[in-house]
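These notes are about the structure you will find just below.
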Amino acid sequence: MDSLLFSPYQIKNVTLKNRIVMAPMCMYSAHNQDGFIENWHRTHYTTRAVGQVGLIMVEATAVQPEGRISAEDLGIWKDEHIEGLSELVSLMKENGAATAIQLAHAGRKATVEGEIHAPSAIPFDEKSKTPKEMTLEDIQATVESFKQGARRAKEAGFDIIEIHGAHGYLINEFLSPLSNHRTDEYGGSAENRYRLLKEVIKAVQTEWDGPLFVRVSANDYHPEGLNVEDYVQFSKWMKEDGIDLVDVSSGAVVPAKIPVYPGYQVPLAEKIKAGANIETGAVGLITTGRQAEEILQNKRADLIFIARELLRDPYFPRTAAKELRVELDAPVQYDRGW
Ligand SMILES: Cc1cc2nc3c(=O)[nH]c(=O)nc-3n(C[C@H](O)[C@H](O)[C@H](O)COP(=O)(O)O)c2cc1C
């Protein structure tokens with residue numbers, strides 16, 4: 001059997017050497033508290049490139065300081081951030097990986113000091129701070145921050161950009177009627193709730209013509225919330241708007257009990273791929289080569305995003321290749337050991 005997991009994947013001008021993507025994972029390790037890359041990031045991301053991950057996606061990186069999940073998030077809200085990110089890109093590329101960055105705004109889930117922003121003044125839960133309902137000027141400024149973030153990501157040399165539209169952060173808060181009670185053109189109908197994401201996509205595209213992904217939470221796990229059918233519709237619009245791939249996660253827009261089991265989110269990626277005729281990434285408790293290969297061979301998704309398994313095993317591609325009996329080239333320095 002020819003492995004799909006270890007076959008190249010072409011998207012626009014970028015070729016990935018395999019279909020294994022390191023999913024974005026916040027390290028909360030910018031101890032400088034100003035968004036700058038530190039040694040932890042250099043070591044952490046480079047190790048996965050040595051491990052032969054095809055595409056490494058740098059964690060949620062804040063486009064505005066007030067949009068950080070924590071004060072130790074990475075940032076891309078000022079030009080001074082470019083140098084460190086550019087160095088990180090070089091380290092990953094020198095070791096054979098393609099590179100991506102997730103552009104993020106935490107919305108009402110920001111825990112930094114000062115005012116926090118959201119579509120409506122509704123806190124995430126009773127322990128959370130109440131956000132300020134964004135004005136039209138706030139919305140415009142945020143769209144502009146995503147655009148400037150994309151410009152900086154391009155200057156840093158990333159191959160791919162992902163817009164973070166999942167996990168109950170700002171864009172997700174606009175998409176879901178559970179967190180968006182607005183009565184203007186950004187709330188109410190699905191078109192209106194999609195408007196912020198559309199504007200962010202359009203703004204990013206003025207600076208960026210490379211591959212563009214969006215991560216979504218394709219199920220709110222709430223009776224009045226959104227489900228995968230709503231996300232098939234959003235994904236059709238994203239496709240029309242030029243998005244290349246939808247990275248399909250779920251949940252976290254409101255507190256909810258999520259049924260979790262191996263591959264629990266794969267059916268969502270599968271439904272979006274079939275329903276919107278768009279490429280998808282599958283993520284969530286995918287931990288073995290066989291599981292990944294099954295998803296690709298059955299055309300349930302196009303890329304396999306791995307998060308926690310890559311924390312346990314930074315050489316997961318080597319482990320998966322052995323399992324699938326695929327010959328994987330080792331970094332030349334490690335040839336005698338792999
Ligand atoms: C430490 C950690 C940090 C994470 N940070 C992010 C993030 O920055 N952006 C994001 O979209 N998801 C984030 N996630 C979610 C993962 O990308 C992934 O969707 C989730 O862990 C399920 O995949 P897994 O079962 O392979 O771990 C994070 C997960 C972990 C464990």
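The values are calculated or read from the model by the stated rules, or taken from the named source; none is laboratory data. Everything numeric here is computed off the predicted structure, so don't read it as measured data. Glycine gets a Cβ as well: all are built from the backbone with ideal geometry, and neighbour counts include every protein chain shown. Side chains are part of the model used for accessible areas, which takes the heavy atoms of the whole protein and leaves out ligands, DNA and RNA. Shrake-Rupley method; radii C 1.70, N 1.55, O 1.52, S 1.80 Å.
Under the rule a/c < 1.5 gives rounded, and otherwise a/b versus b/c splits prolate from oblate, where does segment 206-338 land using the Cα gyration tensor?
Taking the square roots of the gyration eigenvalues as a ≥ b ≥ c, segment 206-338 is prolate.
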Carbon and sulfur together cover what percent of the accessible area of segment 9-334 at a 1.4 Å probe radius?
49
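Taking only protein heavy atoms into account and a 1.4 Å probe, give the accessible area per residue of the chain in Å².
On the way: 13760 Å² over 338 residues.
Spelled out: the 1.4 Å probe surface of the chain, per residue, equals 41 Å².
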Round to a whole angstrom and tell me the spacing of the C-alpha centers of segment 194-217 and segment 282-338.
29
Could you tell me which residue out of 201, 283, 156 lies farthest along the dipole of the chain toward its positive end? Charges go on the beta carbon: Lys and Arg +1, Asp and Glu -1, centred on the Cα centre.
283
Label-point separation, residue 90 to residue 185 (7 Å along Cα→Cβ), nm
4.4
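With each run of n ≥ 4 DSSP H residues scored as -39500 (n - 2.57), what mean residue ellipticity at 222 nm is computed for the chain after dividing by its residue count and rounding to the nearest 500 deg cm²/dmol? Let's see the in-between values first.
Details: 10 runs with 115 residues, N = 338.
The helix contribution divided over the chain gives -10500 deg cm²/dmol.
Lys and Arg at +1, Asp and Glu at -1: add these up for the other residues within a Cβ distance under 12 Å of residue 318 and post the number. Numbers along the way, then the final one.
Numbers: positive: 48, 322; negative: 313, 323, 327, 329.
Neighbour charge sum, excluding residue 318 itself: -2.
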Based only on the alpha carbon positions, what is the Kirkwood hydrodynamic radius of the chain, in angstrom?
19.9
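Just need the relative contact order of segment 99-185 here, percent rounded to a whole number, with Cα pairs under 8 Å and 6+ apart. Working shown, then result.
Numbers: 113 pairs, mean separation 36.7, N = 87.
Dividing the mean separation by the residue count of segment 99-185 yields 42 percent.
Can you tell me how much longer the chain between residue 256 and residue 43 gets when fully stretched, taken as 0.36 nm per residue apart minus their C-alpha distance, in nm with one decimal? Please report the intermediate quantities before stating the final value.
Working: separation 213, 0.36 × 213 = 76.68 nm, distance 3.48 nm.
So the chain would gain 73.2 nm between residue 256 and residue 43.
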If the cut-off is a Cα-Cα distance under 12 Å, which aspartates and glutamates reach residue 93, setting aside same-chain residues fewer than 8 apart in sequence?
159
Sequence-distant residues sharing a close amide H with residue 302 (under 5 Å, placed H):
280, 281, 282
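Taking 0.36 nm per residue of separation and subtracting the Cα-Cα distance, what length does fully extending residue 7 through residue 209 add? If you can, show how the numbers build up before the last one.
Values: separation 202, 0.36 × 202 = 72.72 nm, distance 2.45 nm.
That works out to 70.3 nm of additional length.
As a quick test, which of the pairs 12/202; 147/236; 78/271; 132/202; 12/299; 17/299 have an alpha carbon distance above 27 angstrom in this structure? Kindly include the intermediate steps, with their values, before the conclusion.
Details: 12/202 18 Å; 147/236 22 Å; 78/271 38 Å; 132/202 25 Å; 12/299 20 Å; 17/299 19 Å.
Going by Cα-Cα distance, 78/271 fall outside the 27 Å limit.
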For segment 44-69 and segment 165-185, what is the centre-to-centre distance using only Cα atoms, to the nearest Å?
25
Defining a contact as two alpha carbons under 8 Å apart and six or more residues distant in sequence, what relative contact order in percent does the chain show?
16
